[in-house]
Amino acid sequence: MPLILSFFDPITGPSVFLATPEVLNSDEEDLLLNLMDLNIKKGFFEHHSDGNNLAGYLFRIDCPWTRGGHEFLMLTFITREDRNLNSFESVLAKYISKISAIPNIYKAFHPEKNKEDAEVKIKFEKLKSWLEICFKECRQIEKNLNYGLILMIGLRNTGKTDLFKRITNLDYLSEKKPLFAKYILKNVIENTVFDIYDLGGAMTNICYDDPADPDSIIYVFQAENLKNK
């Protein structure tokens, strides 16, 4: 799937500047341009639409040729796979830093400003080469992501949901209530996307008939209960 660099022209609006691979269908292009029009805050974001999963990063570079002195850009990787897109945040941020560090990189986006400036082509080729390397790294991350299923079970009031929240980097629950349903959440652990099923203690007498053959089972119990036996 493609890696796309888009930018916002104050006169003509958002447009796709570079894509790797260079072939980009009209639906993908329209989706990207609409996202830039939504005025997403600077930084990393995720977007899901009609089977397209986007990992994007909105940023800006200094540009003395534009009003306000800044060029607004968006670097986006598109995949049709159902994956945790946070995995792509660090690689997008890394290459945005490399692009931003290129001296006078703004010239690559405005060849019409000075056609005689030899730097324009040089900056464009450098920008293109960084995008090609970034694309390869994104594709490698995509290939390395594996899938797994974790089933978390145990009796009531043993802290299963607290542990579940901790694993997924969320806060502990402020209110302790029995869980009469199951929580399902995707989480990435060392490049493996896990579906984590938290089966509530109130459901221990219910036959578990969801996806079979989990890769791991976590049985939670309170150690103090062992002392009382």
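The values are calculated or read from the model by the stated rules, or taken from the named source; none is laboratory data. None of the values given here were measured: they were computed from a predicted structure. Don't worry about glycine lacking a Cβ; one is built from the backbone with ideal geometry, like all the others, and counts go over all protein chains shown.
Among the residues of the range 22-37, is any assigned to a strand (DSSP E or B), touching a residue at least 40 places away in the same chain (Cβ under 8 Å) and of a type in the set (D, E, K, R)? Looking through the range 22-37, none of the residues is assigned to a strand (DSSP E or B), touching a residue at least 40 places away in the same chain (Cβ under 8 Å) and of a type in the set (D, E, K, R).
Considering only the range 1-26, state which residues are loosely packed, with under 13 Cβ neighbours inside 10 Å and farther than 15 Å from Glu71 by Cα.
Residues of the range 1-26 loosely packed, with under 13 Cβ neighbours inside 10 Å: 10-13, 21-23, 25-26.
Within the range 1-26, Pro21, Glu22, Val23, Asn25, Ser26 qualify.
Counting only strands (runs of 3 or more DSSP E) that fall entirely inside the range 38-140 and contain at least 3 residues that are in contact with a Lys or Arg (Cβ under 7 Å, 6 or more places away or on another chain) and either surrounded by 15 or more Cβ atoms within 10 Å (Cβ to Cβ) or modelled with pLDDT under 90 (or both), the qualifying elements are 52-62, 70-79. Sub-7 Å Cβ pairs linking a first residue in the range 88-106 that is in contact (Cβ under 8 Å) with a residue 60 or more places away in the chain and farther than 19 Å from Ala118 by Cα to a second residue that is aromatic (Phe, Trp, Tyr) and surrounded by fewer than 16 Cβ atoms within 10 Å (Cβ to Cβ), at least 6 apart or interchain, number zero.
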